[in-house]
Amino acid sequence: MAALLAACGTGPKPVVPAGEAAYAAIPEGNIVTPRRVEIRPSDVVSITVYREPELSIEKSIVDPDGNIQVPLLGPVDAAGLTAAEFARDLERRFAARFLIDPSVTVSILESAQQQVTVAGAVTQPGVYEIPGRISLIDAVALARGVTNTAKYDQVVVFRRYNGDRVGAMFDLGAISAGLAPDIEILAGDQVIVGTDGLKQAYRDALQAAPLLNLFQTFAILSDSNGGNNGTTTDGNGN
């Protein structure tokens, strides 16, 4: 860990997309519209098949791949579906092979925690549970706001898309002033408020979420001058 952080103090400073390119990488989203309540890994669900108690499940935990073990059907992918959508899917599957006109009810009994990491130049870096739909400003507020060393124009959001980590840099000052759109923060995102050179911000991020490898897709480095804008690079240094 020490060697990795020491490496952040030398070399060029590639940075994730900023400005308009940032919103292309991580879109604004819709903070106002209620989010679909979808089944996710680690959720606890119940399945009731009308007049078929042997096919019903009082409690089942969605596995890491998003599957639920259903009697007769085996593992069935439920991730990304609402409870009603999954119930209709089960009805179609049962009707195709086993039952005549089945009626299925699915309920989400417990939802897995949705969390966001907020680190860097904030008052209380840490991992926070998301209370519904939140914006970038809301996420920073969860960490009790920025410190007096914060670089408002160097707020980086990391997110996973299809297994890859992507990131973008936003100007929190412009967003707060209404001069730039706010963005929706999703479960699993990492928000890092930069300081001069960003070095301390990324050290705090590693301490707040040591299992999340910030350096896997983007080599975030800090040059000797600190605070200068850079360009994006891929894993080959291009």
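The values are calculated or read from the model by the stated rules, or taken from the named source; none is laboratory data. Bear in mind that the values here come from a model prediction, so they are computed numbers and not experimental data. Using ideal geometry, Cβ is built from the backbone for each residue, glycine included, and neighbour counts are taken over all protein chains shown. We work out accessible area using only protein heavy atoms, side chains counted, and drop any ligands, DNA or RNA first. Shrake-Rupley method; radii C 1.70, N 1.55, O 1.52, S 1.80 Å.
One table, with the values for the structure above:
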quantity: DSSP-assigned coil residues among chymotrypsin sites (Phe, Trp or Tyr not before Pro) in the range 75-158, each with at most 14 further Cβ atoms within 10 Å; calculated: F98
quantity: Whole-Hz couplings from phi, Karplus 6.51/-1.76/1.60, listed for the range 167-175; x for Gly and Pro; calculated: x, 7, 9, 10, 9, 5, x, 5, 5
quantity: Residue among G126, G178, Y152 farthest towards the positive dipole end of the range 112-186, charges placed on Cβ; calculated: G126
quantity: FRET efficiency for V127 and L72, using Cβ-Cβ distance with R0 set to 45 Å, rounded to 0.05; calculated: 0.70
quantity: Fully extended contour minus Cα-Cα distance, from A174 to I61, at 0.36 nm per residue; calculated: 36.4 nm
quantity: Pair A187, T149: separation of 7 Å Cα→Cβ label points (nm); calculated: 3.4
quantity: Long-range amide H partners of T147 with built H, under 5 Å; calculated: V122, T123
quantity: Most to least accessible of I130, I100 (protein chains only, probe 1.4 Å); calculated: I100, I130
quantity: Cα-Cα P(r), the range 43-159, percent of pairs per 10 Å interval; calculated: 12, 34, 18, 16, 14, 6, 1
quantity: Where the range 58-104 is the region considered: accessible area per residue in Å², 1.4 Å probe; calculated: 59
